[in-house]
Amino acid sequence: PDAALHMLAAKVGAAAVVDAELPLPVLTAVVDQHTRRAHTQHDRMQRLQHALYELNRQRMALDQHATVSLANAQGVVIDTSPQHVALTGHAIEQLIGAHLCEPRPGKAAPELPATALQIAKEAGLWRGRVQLTRADLAPCWVDATLVPFVNPQGEVYRYLLARSNVTQQVTDALAIDRLRQSELDTASTIQSTL
């Protein structure tokens, strides 16, 4: 085929251009080979699309259940869910670029203890309950899980931090503790009076 036919074939997305003057068995073998390749690529593409669909559904479920943030290898937040923005009351600009464990000027306060990244790196995850400070300075509590993503060389290239809001449970427990302490104080006063 001449150059014009090659260019036309490329424009329409042909996988290959073969000379039709080839003997029929050779031409058939070439076409069969390209057909098998095309089917293999199509199957791979379908599997990738299905995997992407499943990951998106998992992310949606996780986002609905918890707040999620992604951080780079240094622990700096590169993405966060709208639910986390709503929970903290901070503008997204204050959350993106904040460090998970270290204060940064103009950013939201650190969320995790200073050792969390190292523990996650060594143990494969870090888990704990942490108190966050909302933008309105009100406290809120979350159960947090920090998971490192590790490349084949064993180096962390990303962290995923998932959190469940447990503020109501914590405030209820604190109220119960205050009530118990009040009852103990009352009992102590009654006992000393008697």
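The values are calculated or read from the model by the stated rules, or taken from the named source; none is laboratory data. This one's a predicted model, so the numbers in the text were calculated from it and none came from an experiment. Ideal geometry is used to build each Cβ from the backbone, glycine not excepted, and the neighbour counts take in all protein chains shown. With ligands, DNA and RNA removed, areas are computed over all heavy atoms of the protein, side chains included. Shrake-Rupley method; radii C 1.70, N 1.55, O 1.52, S 1.80 Å.
Here is how the numbers come out for the structure above:
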read-out	value
³J(HN,Hα) computed for each position of the stretch 73-84 - Karplus, 6.51 cos²θ - 1.76 cosθ + 1.60, integer Hz, glycine/proline x	4, 8, x, 8, 5, 10, 7, 8, 7, x, 5, 6
Accessible surface, per residue, of the chain when the full set of protein chains is kept, probe 1.4 Å, Å²	68
For HIS90, distant residues with modelled amide H under 5 Å away	ALA135
Length added when fully stretched, ASP172-LEU194, from 0.36 nm per residue minus Cα-Cα	4.6 nm
Top positive-direction residue, dipole computed over the stretch 2-102 with Cβ charges, set THR28, LEU70, THR88	THR28
Estimated FRET transfer efficiency (HIS65, ALA38; beta-carbon r; R0 41 Å; 0.05)	0.50
Correct option for Rg and Dmax of the Cα atoms in Å [calculated from the coordinates] among [x] 15.4, 47; [y] 29.3, 115; [z] 17.9, 57	[y]
Local electrostatic count, ARG37, Cβ distance below 14 Å [Lys/Arg +1, Asp/Glu -1]	0
Amide H partners (placed H, <5 Å) of LEU132, local residues excluded	CYS140, TRP141, VAL142
Part-to-part distance (alpha-carbon centres) for the stretch 119-192 and the stretch 1-66, which is given in Å	50
Fraction of accessible area attributable to carbon and sulfur, the stretch 3-140 (%, probe 1.4 Å)	60
For ASP79, residues with placed amide H under 5 Å, excluding near neighbours	LEU70
The chain, helix-only ellipticity at 222 nm - DSSP H runs n ≥ 4, -39,500 (n - 2.57), divided by all residues, nearest 500	-16500 deg cm²/dmol
